[in-house]
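The values are calculated or read from the model by the stated rules, or taken from the named source; none is laboratory data. This one's a predicted model, so the numbers in the text were calculated from it and none came from an experiment. All Cβ positions, even for glycine, are placed from backbone atoms using ideal geometry, and neighbour counts span all protein chains on display. The area values use the complete protein model at the heavy-atom level, side chains included, leaving out ligands, DNA and RNA. Shrake-Rupley method; radii C 1.70, N 1.55, O 1.52, S 1.80 Å.
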Amino acid sequence: MAQKQTERKPLPTLSMYRITARLFTHVEKSVITSFGEDGGKLAGHGVSRFGYDLAQNISVRAAEEGEVHTLGKYIPENVEKRKLEQDEATVYGQMAKLFGQVAKAVVDEYGERGKEAVREGVRTFGEARGKGIAARAAHLGQDNTIENYLSNYDMARSELFEMETEHYPEVIEQTFTKCPFGQQWADDGMGEYGILYCEMIDPSIARGYNRDFDVDHDQYVLREGVCEFKFRLKKKS
């Protein structure tokens, strides 16, 4: 008699601590690739401006969850390894703050070359996440099609985001009117640096998920007050 196959449960979403540590690691690698030792010093300057206690909290929590990252090496040894009590809004905001400070350090020093290095770090980070989303779908026996993209997304959709999603044949349209990342950069006057993340992240995640995924994204909360996306999966000839 054949055994009944056990239904697989969806994998848990990634915490913002893991996502933040992973983003830092990709951006740090990119700026070091572009600028060598100076790139590492600038990444360290960004961590310092962000705050060692806050960085340590992210580093410790991400490592406890199994994330391999480079954030810890920029934190002085005398900083206590402890976890801080934080609410959800704080955790999302801190990803934006850490990215903003690192991007600012690099861009203020290297201008357009610095922007390209930061964008490249976001690109590799996004594509890695997209591959992870495809793996999450595969875990459930699903293909990396447009129908299975958002249902297997790796980051929880917090109520801090305000959005509408419409599904059409071969197209997903999303409109965001509120984003905690964009709001944090706006509040901090860091929109010049935050936009480097916004420009790259969603198209990169989509390409990592499926190389035939196209994303139209030409409006941003940081600039126009709204983010509008159209996700399309190109038909293969």
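Here is how the numbers come out for the structure above:
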{"item": "Members of region 181-200 that are of a type outside the set (A, V, I, L, M, F, W, C) and either buried (at least 20 other Cβ atoms within 10 Å of the Cβ) or more than 14 Å from the chain's Cα centre (by Cα) (or both)", "result": "Gly182, Gln183, Gln184, Asp187, Asp188, Gly189, Gly191, Glu192, Tyr193, Gly194, Tyr197"}
{"item": "Sole residue being surrounded by fewer than 19 Cβ atoms within 10 Å (Cβ to Cβ) and free of Cβ contacts under 8 Å to residues at least 40 places away in the same chain, chosen from Leu11, Leu54, Leu84", "result": "Leu84"}
{"item": "Residue list for region 61-81, filter: surrounded by 20 or more Cβ atoms within 10 Å (Cβ to Cβ) and assigned to a helix (DSSP H, G or I)", "result": "Arg61, Ala62, Leu71, Tyr74"}
{"item": "Selection count, region 211-237, where residues are open to solvent by 20 Å² or more (accessible area, probe 1.4 Å) and under 20 Å from Phe125 (Cβ atoms)", "result": "6"}
{"item": "Residues being open to solvent by 60 Å² or more (accessible area, probe 1.4 Å), in a strand (DSSP E or B) and closer than 25 Å to Ala137 by Cβ - total across region 154-171", "result": "5"}
{"item": "Residue count for region 33-51, restricted to those that are open to solvent by 60 Å² or more (accessible area, probe 1.4 Å) and free of Cβ contacts under 8 Å to residues at least 40 places away in the same chain", "result": "2"}
{"item": "Residue list for region 112-163, filter: β-branched (Val, Ile, Thr), more than 19 Å from Ile32 (Cβ to Cβ) and under 13 Å from the mean Cα position of the chain (by Cα)", "result": "Ile133"}
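Each row is one residue, and each column tells you yes or no for (1) of a type in the set (Ser, Thr, Tyr); (2) part of a helix (DSSP H, G or I); (3) more than 15 Å from Tyr197 (Cβ to Cβ).
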position	(1), (2), (3)
Val122	no, yes, no
Ala134	no, yes, yes
Asn144	no, no, yes
Glu173	no, no, yes
Thr177	yes, no, yes
